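Step one of this worksheet: look at the structure below.
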Amino acid sequence: MALVYIVEDDESIREIEKIALENGGHRVHDFGNASTFLKKIEEKSPDLAILDIMLPDMDGYEIVRRMKAAKSSKKIPIIMVTARTTEVDMIRGLDIGADDYIKKPFSVIEFITRVKAVLRRTMAEEEASVLSVGEVFMDNERHMVYVDETPAVLTYKEYELLKLLMSNTGIVMTRDVIMDRVWGTEFEGESRTVDMHIKTLRHKLGESGSRIKTVRNVGYVME
């Protein structure tokens with residue numbers, strides 16, 4: 001899943017955001033001020049930054065301006081979170097490069113929904129054209145999978161499931177996350193559906209299917 005940075009000086013709000021994201025399978029780093037956050041993104045860029053506007057050392061608008069001015073951080077998606085609720089504030093944030101704007105107070109459901117929407121849009125735009133794990137090679141432009149250069153014939157869902165696992169190599173994908181990312185939140189089937197697709201996927205990948213490991217009572221990971 002995604003690597004998300006949170007910048008929020010209110011510890012209670014920051015903890016709520018962090019727990020909600022981690023429960024969704026994301027990796028999270030949180031910061032109480034702008035300076036430590038800006039240093040961190042120089043070391044490693046996140047898939048998403050969630051910024052409070054009212055911070056003790058710098059306001060969120062200035063953070064966005066600095067991020068968009070730097071080559072290394074200008075493409076990082078940004079969601080601004082603030083108690084400022086005027087239309088002018090919203091337009092200002094979006095005009096300088098923010099991808100979305102969440103008003104305080106907010107519900108956890110609204111927060112997660114907006115995060116998912118931004119990640120789905122931005123990560124889809126940056127989807128790798130090819131993926132490779134061991135002997136398994138995925139060509140997303142041709143929608144083909146090869147194992148030791150031999151084509152593997154997969155169904156659409158098997159392909160999407162494999163793509164999710166290969167895109168997150170070494171990261172455990174919970175059944176709930178897999179259901180959401182591959183089948184969508186509107187799907188009302190059972191998690192057994194995931195297990196059955198994993199079984200057929202392993203079979204079609206032959207010996208390479210053993211790279212898909214079961215994490216008991218949690219989900220699956222590709223190594």
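Points worth noting:
- Qualifying residues in the range 39-84 (those that are open to solvent by 60 Å² or more (accessible area, probe 1.4 Å) and small (Gly, Ala, Ser)) - the one farthest from His26 (Cα to Cα): Ala69
- Tabulated pairs, the range 69-84, first more than 17 Å from Arg114 (Cα to Cα), second open to solvent by less than 70 Å² (accessible area, probe 1.4 Å) and hydrophobic (A, V, I, L, M, F, W, C), C-beta under 7 angstrom, 6+ apart or interchain: Ser73/Ile41; Ser73/Met67; Lys74/Met67; Arg84/Ile53
- Scanning the range 47-63 finds one or more residues that are touching a helix residue (DSSP H, G or I) at 6+ places or on another chain (Cβ under 7 Å) and under 30 Å from Leu205 (Cα atoms).
- When His143 is tested against the conditions (1) at positive phi; (2) touching a strand residue (DSSP E or B) at 6+ places or on another chain (Cβ under 9 Å), the lone failure is (2).
The values are calculated or read from the model by the stated rules, or taken from the named source; none is laboratory data. Just so it is clear, the model here is predicted, and its values are computed rather than measured. For neighbour counting, all protein chains shown are included, and Cβ atoms are generated from backbone atoms with ideal geometry for every residue, glycine included. Quick note on the areas: whole protein, heavy atoms, side chains included, nothing else; ligands and nucleic acids left out. Shrake-Rupley method; radii C 1.70, N 1.55, O 1.52, S 1.80 Å.
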